[in-house]
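All of the numbers you see were taken from the coordinates with simple rules; none came from a lab. All of these numbers come straight from a predicted model, not from anything done at the bench. Ideal geometry is used to build each Cβ from the backbone, glycine not excepted, and the neighbour counts take in all protein chains shown.
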Ligand SMILES: C[S@@+](CC[C@H](N)C(=O)[O-])C[C@H]1O[C@@H](n2cnc3c(N)ncnc32)[C@H](O)[C@@H]1O
């Protein structure tokens, strides 16, 4: 089976083109929601080709991480074009080579629908570890729609999503939150019953262990 790294190395050069209808039809209007009310040092986990860069708050310092060097190269190019300084690193979200409590906020768009369920607690805990107490994590994620027609369409679409991106609509990200030590603040649909904005908060209690795996 192809690994996530191999998939994104393979698809990086086509990624923006393949995603274009979704980017302009769906994502552009919801990406700003990731950054509402957040500032300071921000982690963009699974930064991909840097599609969130135009929406980074002007005075923030953003660090983007991704498994795929080819995706990161595209993010670097986008940052340069936009005249935006972004620190980019090749890193696995389940093993962040970053100090505890070093970020004011974190975002991840369409990363958790790529991460298999069995790696999600590790990823959430690791992001929680690097967030300052009270720091916000915002996610944009696909879920499987409930309505019969949409659900049938999603199932038709799923084999391509799985083959091309290693993604699925069937992840249970919210169910992993209690085990991660993060607090669920809000979860709401922002595109039909298909894409959710999930807001989480790192524990405010000083000195509390954030449980590195
Ligand atoms: C579907 S793309 C989303 C990219 C971008 N966030 C966006 O909104 O367009 C998922 C990205 O997550 C990255 N990724 C997958 N698993 C990862 C992991 N364990 N750690 C870091 N990045 C990962 C992939 O390489 C890919 O660039």
Using alpha-carbon pairs under 8 Å, 6+ residues apart, how would you state the relative contact order of the chain in percent? 20 percent
For region 4-201, what class follows from the C-alpha gyration tensor (a ≥ b ≥ c being the square roots of its eigenvalues): rounded when a/c is under 1.5, otherwise prolate if a/b is larger than b/c, else oblate? rounded
Which order results if 174, 118 are arranged by neighbouring Cβ count within 10 Å, fewest first? 118, 174
If each DSSP helix of 4+ residues adds -39,500 (n - 2.57) and the sum is divided by the residues in the chain, what number results at 222 nm, nearest 500 deg cm²/dmol? -12000 deg cm²/dmol
Rounded to whole Å, give me the distance from the Cα center of region 150-189 to that of region 33-79. 21 Å
Quick one: grab the alpha carbon gyration tensor of region 1-98, order the square roots of its eigenvalues as a ≥ b ≥ c, and give me rounded if a/c is under 1.5, else prolate or oblate depending on whether a/b is larger than b/c. oblate
